[in-house]
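Please read the structure below before turning to the comments.
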Amino acid sequence: SMPGVKIYVQAVTPVTAKASEEAKYGGTNENIVDMNGLIQRVARENQVYYADLHGAVVNEYGCLPDDVGGDGVHFNRKYCQIWVDYLRDTFAEEGGQQ
């Protein structure tokens, strides 16, 4: 145990609809939602902070919006900024949420 140390875990981010349909190794949006449920449960059980980045970027269809560009998995500059803003807005003031 390390007193005063805050541990954060982050949700797996969604992929675009196309990337989800073409997923070769189980990286579908449905599986990502299941993984995030497990991550959130483990975070809660271990009293560490859970960063729901998935919720910050997912669209109404449960996918990463197509304007992420590229391969539909990795973030472009716009989504990296959303990521940074989410972390700053969620955790900077209150020191985290559980």
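The values are calculated or read from the model by the stated rules, or taken from the named source; none is laboratory data. Predicted model only: the values in this text are computed from it and were never measured. Cβ: placed from backbone, ideal geometry, glycine included. Neighbour counts: every protein chain shown. Surface areas here come from the heavy atoms of the whole protein model, side chains and all, with no ligands, DNA or RNA. Shrake-Rupley method; radii C 1.70, N 1.55, O 1.52, S 1.80 Å.
Give the residue list of trypsin sites (Lys or Arg not before Pro) in region 1-97 that are DSSP loop and have at most 13 other beta-carbon atoms within 10 angstrom. Could the numbers behind the result be given before it?
Working: sites: LYS6, LYS18, LYS24, ARG41, ARG44, ARG77, LYS78, ARG88; in loops: LYS6, LYS24.
Here the trypsin sites (Lys or Arg not before Pro) that fit, given the DSSP loop and packing criteria, are LYS6, LYS24.
Between PHE91 and GLU21, what is 0.36 nm times their sequence separation minus the Cα-Cα distance? Round to one decimal in nm. Could the numbers behind the result be given before it?
Numbers: separation 70, 0.36 × 70 = 25.20 nm, distance 3.33 nm.
Working it through step by step, the gained length comes to 21.9 nm.
How about region 6-51: which chymotrypsin sites (Phe, Trp or Tyr not before Pro) there are in a DSSP loop, with at most 13 other Cβ atoms within 10 Å of their Cβ?
On the way: sites: TYR8, TYR25, TYR49, TYR50; in loops: TYR25.
Answer in residue order: TYR25.
Over region 1-88, average the accessible area per residue using a 1.4 Å probe and give it in Å², no decimals.
Values: 5950 Å² over 88 residues.
Dividing the accessible area of region 1-88 by its residue count gives 68 Å².
Starting from the Cα-Cα distance between ASN59 and GLN81, subtract it from 0.36 nm times their residue separation and give me the gain in nm to one decimal.
Values: separation 22, 0.36 × 22 = 7.92 nm, distance 1.66 nm.
Length gained, ASN59 through GLN81: 6.3 nm.
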*How big is the charge dipole of the chain about its Cα centre, in debye rounded to the nearest 20, if each Lys and Arg gets +1 on its Cβ and each Asp and Glu gets -1 on its Cβ?*
320 debye
*Specify which residue in the list PRO3, GLY37, VAL48 is farthest towards the positive end of the charge dipole of region 1-49, using unit charges on the beta carbon of Lys, Arg (+1) and Asp, Glu (-1), about the Cα centre.*
PRO3
*asked:* Output the 0 to 90 degree angle, nearest 10, between the alpha-carbon long axis of helix 77-91 and the longest principal axis computed from the alpha carbons of the chain.
replied: 20 degrees
*Got the relative contact order for the chain handy, in percent, Cα pairs under 8 Å and 6 or more residues apart?*
33 percent
*Which semi-axis lengths, in whole Å and largest first, follow from the square roots of five times the eigenvalues of the Cα gyration tensor of the chain?*
26, 17, 10
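Counting only protein heavy atoms, what percent of the accessible surface of the chain is carbon or sulfur at a 1.4 Å probe?
Numbers: 3480 of 6700 Å².
In the chain, the share of accessible area belonging to carbon and sulfur is 52 percent.
Between ARG41 and ASP71, 0.36 nm times their residue separation minus their Cα-Cα distance comes to what?
Values: separation 30, 0.36 × 30 = 10.80 nm, distance 2.96 nm.
Length gained between ARG41 and ASP71: 7.8 nm.
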